[in-house]
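The values are calculated or read from the model by the stated rules, or taken from the named source; none is laboratory data. Remember, predicted model here, so these are calculated numbers, not experimental data. With ideal geometry, Cβ positions are generated from the backbone for all residues, glycine too; neighbour counts draw on all protein chains shown. All accessible areas refer to the heavy atoms of the entire protein, side chains included, with ligands and DNA or RNA removed. Shrake-Rupley method; radii C 1.70, N 1.55, O 1.52, S 1.80 Å.
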Amino acid sequence: MSDRRSTLGALLAGATLALALPGAAHAANVVTAPIVDRGLDMYVKTFATLPSPDGQMPRVIGMTTLGNRIFVTTEQGRIYEITGGNGSIVGDLGAGLTAFTGRHLDFDNIMHGGLRSLVFSPDFETDHTIYTSQVEERAADPQNHHYLSDPASPVSADSVVAAWVLGDDGIPVSYRELFRIGMPVYDHAIKEMVFGPDGMLYIAHGDASVQSAIAGGGMANDGLGKILRIDPHPSANLPYTIPPDNPFVNDPSLPDEVWSYGHRNPHTLSFTKEGELLVTEVGRDNIDEVNIVKKGGNYGWPNREGTFVHQPWGGIETGVSPLPDDDAQFGYRYPVAQVGHDGPSGAGFIGIGLTGGYPIENGSPADGEYFYAEFANTGQLYHSNLDAMRGAVTTGAPSGLTQASTSRARVFFDPGNGQPAVQKASLLDVINDSPWYWGPRADLRFGRGPQGEVYMTTKTTDRVFLLESTVPGGPGGFTGHTRTRVEAETGTLSGGAKIDREHSGFSGGGFVSWMTAAGSAIDGLKINRESAGTTSMTIGYAAGPGGPSSRTIGVYVNGQRAAQARLEPTGDWKSYTVGKVDVPLEAGANSIGLRVTGADTGWINTDFIEVTNQDPAPTPTATPTPTVEPSPTPEPTATPEPTPEPTASPEPTATPTPDPTASPEPTATPSPTPAAKTSSYIARGTITIPQLTATRMPVSGTVSLTVSAAGDVTGSTLLNQTQARLTNGTVPVTATIAVVSSGPTTGTLASGALTLRQQLRVKVTSVKAFGAVPIASGNTCQTKQFISLPLDAASGFDPLVATPPAIGGSFPISDLNGCEPLGGIVPPAIASSGNTIALQLTRQP
C-alpha cells in the first residue's frame, strides 16, 4: 500500500508544480482555422475629447444617436453630446436614479456595474422617452418590484431596465421601472439594448456566473444568458408588453420575454439592413463567438463553447472536447464566426474576449464587412464578410458546420494636420498613445453613427475615435493585396532572445524580446510564395524606450543576409512602430530570420513579420472628415432635448468598392504552372485510433488542413481527449489522456494523392483523484511520426474541380513509451494498423 500511495503522491505533487508554473505549458488554440488577412486597411483618428470635471476617467460604455446627434454614455451614468470635436455633459442618470428612487448605481463589480446602455424611443419626438439598462442596488423590499427572475440567494444588486420621460428642458420628469433580474453573483450582468426594425426592444443579459461552471446560467428558466424582447409600453398586467409572437409565450420552460437563450456574455447588439440581429459573445477559456441570433435559438451555453463541448473543468485546450457525431439531435445553433484563445495549455481566464461590432452597409471603403475586436487586452481589430456570415452553416451534423473566416485588419492612426498616418499594432496601440491613458487594458467598445459609420470608445481614456474607413469617401479599405503574417514567437530563438507574454496589445499573444546583442536571433519563420521576386516586408513592434535614435536588424532569407531593416524607437515601450524593407523571396517555401550582428544595433523587440502577397498598393493619402453635422451644444446640465431630426440615418451615397467576398486576383507574374496557382483547399475530416493502449482507450478527432495545389500542405491535427478510470490497487484515479500534434501537419499534393507527415505525442492533460483536479506534469511521452501517409482518392482528382472527392488512408502507430506521469498505471501503446484518416477537400475561391 505504501508504494501505491507514494506513486499517487508523486503524481499529484508533480501536478501542483505544473499549476504553479503555467508558462511551462505549450501554447495552444483549439480553433485551428487561421486568422486570415484579406488586405483591409483601417484608418482611425481622434474624433472628440470628453471633459471630466471631477477628475475621474469617463468610463465610456455606449454610444447612441438621435437623428444626426451623437451621444456617449459612461458607466457612472453621465451622458455626453459630441459637437465640434468636444463632448459636453448633458445629463447625469446616476444622480437622477438616486433623486427618483433613493438607490444608487452599483459598482461592486467594476467591470460589469453601473449604467450599461441608453437608447432613444423610436417615438422620441412625441413621447420624449429614453430607456436604460443598468446595474443598481437591490430594492429594500423586492416584493414591490417586478422581477423577470430572481435566484434563491441573490446578491445585493439587480439588473434593471427603466424608462425616463424628459421635460422640454431635457431634464427627466419621471422614472418608470420595467423589470428587474436578480443575480446569483456580481458578474455577467445586463448588457446593451437596441430597438429592432420591428419596434421591439431587444436586451442582452449575461449568464451571471462568475465560475461559468457547467451548471451555470444560459439554459435555465430565468432571465440569465438570454436575449430578451419586449414592447416597452405598459400592458394591463405588466410595466411592459410581451409581444405575442415571442417564441416561448405560454411555454413553461422559459420566460415569455425570451427571444433566444444559451448565451454566456453577449456584448453589442446590432441589426443589419436586412433585419438580422448580430451579437458577439465572450466565451470562457477557449472560444469567443459571433452569432446571428434567430428567433427561439439555443446557442448552447453552458453545454457548448463555440463549436465544442464545454467541460466543467480544465482551461485552454483542456476545457473543451469535439462535438459528438449525434450532436444535431440537441438542436444547438453555432457561431457564424469564432475566434480561439491563444495561451498556455490548461490556463484559465486569461482575459481575452470579443466585442462587436457593427455591419458596414453605407458604401464606405469597408462596406460589406462586420467589425469586431478583442476588447479587453490586445485590441486586435477583426472583420468577417457579411455574406459569408449569412452563408455559414450553424445547425445540423458537426461535419457540416461552417463559419465565416475571421480576418485581421491592419490599423493606421491618422494624426491629422496633414501628417501621414502611422501603422499601429492594434486598437490598443491607438488608445495608449492618447495623453490620458489609464491602462493597461484596452476596454474598448464600438458605436454606430448617423451614416452607419463606426466609432470606438474606451473606459481607459477620455478620447472618442472614428474609424475613418467606415465613412463614405474615407481612406483605406481593401488594398487589393492580401498579406501573410507570421508571429515572431513561433520561430527558433537563440542568443538570449525570449518570448514575452506579459504585456498586452500584441498579435499572437506575445512578442520576442531581449534581442540586445550580436548573436540574438529568430530563425525559421516560414513564408510561402507563388513565384520568385522582391517583395515588401513589414517588421512589427520593434521599438522601446531609450537606446539609439534608430535601431537596425539583419533580415536573412534562406540562410543568407538579404537586407538590413531600420527601426525607429517611439520613446515608450507601449507604443508601436514598424520597419519596412524589400527582400528577395524564392518561389515556394522561404525561411526568414532576424538576427543581430556586429553591423546592427539593439534593443530589439519583435512581434511579427508581414509580407504582401504581391506588389504593394499605393498608400491612401486622403484624410476623411465625418459628414455628420453637429447640432448646437445644449445646456451643460441638461439631458438631450427632443429634436425634429428623423431617427433614421440618411441614405449614404455609395461608392464602388471591391467585391468583399473574395480577395482580389493577384497581378503577380504567373507561375510556370498556371493551373496550380489558383488552387487551394480546406481539408477537414476525421482521424481514428481504435486502440491507444492495452486498456483499449479509443481516440477519435478531427483534422483541419490548408492545401495548395502547388504541392504544399500546412495544417494541424486535433484529437479528442479520452478518459480512463484506472485502479492501481486500492487507489482510484481518473486520467484524461490526449493525443496531440507536436508540430504542424506538412506534406504534398501531387498526382491525385495527398501525402502527410505528422508527429503525435501522448499527453496527460488531467488526473482526478479524491475530488482534486490537478494537471499532470512531465508529459514526456515519446513522439512518433506518420511517414509519408498517402491519402488517395478512389478515382484520382483534378486539382481544379469544384468538388474534389473524399480521400482516405491508414497508418500504423508504434510503441509510445515514456509516459512518466502514469508510469506503472497505464501500459505503453501497442502497435496498431487500424488507424485511419479520412478527409473531404473543399476548394477555396
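Mind putting a number on the dipole of the range 87-158 about its Cα centre? Charges go on the C-beta only, +1 for Lys and Arg and -1 for Asp and Glu, and I need it in Debye to the nearest 20.
Working: 3 positive and 11 negative charges, 30 e Å.
Result for the range 87-158 is approximately 140 debye, rounded to the nearest 20.
For the range 26-153, with all protein chains in place and a probe radius of 1.4 Å, 49% of the accessible heavy-atom surface sits on carbon or sulfur.
So, with a 1.4 angstrom probe, what is the percent of accessible area on the range 476-540 that is carbon and sulfur? Could you put the intermediate results ahead of the total?
On the way: 1190 of 2460 Å².
C and S fraction of accessible area: 48 percent.
For Val30, neighbours were defined as the other residues whose beta-carbon sits under 10 Å from its Cβ, and their charges (Lys and Arg +1, Asp and Glu -1) total -3. Sorting 387-400, 441-454 by average packing, meaning the other beta carbons within 10 Å per residue, from highest down gives 441-454, 387-400.
Multiplying the residue separation of Ala587 and Ala806 by 0.36 nm and subtracting their alpha-carbon distance yields 75.9 nm. Enter the accessible area per residue of the range 163-266 (Å², integer; probe 1.4 Å; all protein chains in place). I get 34 Å² per residue for the range 163-266.
Test of understanding: what is the full-extension gain from Asn558 to Asp792, defined as 0.36 nm times their sequence separation minus their Cα-Cα distance?
Answer, rounded to one decimal: 81.0 nm.
Bridging of Lys580 to aspartates and glutamates at a Cα separation below 13 Å is possible for Glu568, Glu610, once same-chain residues fewer than 8 apart are set aside. Per residue, the solvent-accessible area of the range 25-83 (1.4 Å probe, heavy atoms of protein chains only, all protein chains present) comes to 27 Å².
Distance between the modelled labels on Arg103 and Thr534, one decimal in nanometres: 6.9 nm (7 Å Cα→Cβ projection).
For the range 203-302, what % of the accessible area comes from carbon and sulfur atoms, probe 1.4 Å? Spell out each step's value before the answer.
On the way: 1580 of 3020 Å².
That fraction is 52 percent.
How do the peptides 604-612, 110-118 rank, highest first, by the average count of neighbouring beta carbon atoms within 10 Å per residue? Spell out each step's value before the answer.
Numbers: 604-612: 23.4, 110-118: 21.2.
Final packing ranking: 604-612, 110-118.
Taking a ≥ b ≥ c as the square roots of the eigenvalues of the alpha carbon gyration tensor, the range 311-393 is oblate, as a/c is not under 1.5 and a/b does not beat b/c. Spatial offset of the range 437-505 relative to the range 53-103 amounts to 26 Å, using the alpha carbon center of each. Treating each Cα of the range 368-407 as one equal point scatterer and applying the Debye formula with no solvent, the log10 of I(q)/I(0) at q = 0.19, 0.22, 0.33 Å⁻¹ comes out as -0.62, -0.73, -1.01.
Nothing charged except the Cβ atoms of Lys and Arg (+1) and of Asp and Glu (-1): what's the magnitude of the dipole of the range 273-360 about its Cα centre? Round to the nearest 20 debye. All intermediate terms of the calculation are to be shown ahead of the outcome.
Working: 6 positive and 12 negative charges, 66 e Å.
It works out to roughly 320 debye.
Quote to one decimal, in nm, the extra length available between Ala397 and Ile171 on full extension: 0.36 nm per residue of separation minus the C-alpha distance between them. Walk me through the intermediate numbers first.
Numbers: separation 226, 0.36 × 226 = 81.36 nm, distance 5.46 nm.
Taking 0.36 nm per residue and subtracting the Cα distance, the gain is 75.9 nm.
In square angstrom, what is the accessible area per residue of the range 341-466 with a 1.4 angstrom probe? Before the final figure, lay out the partial values.
Values: 3410 Å² over 126 residues.
Counting only protein heavy atoms, the per-residue value for the range 341-466 is 27 Å².
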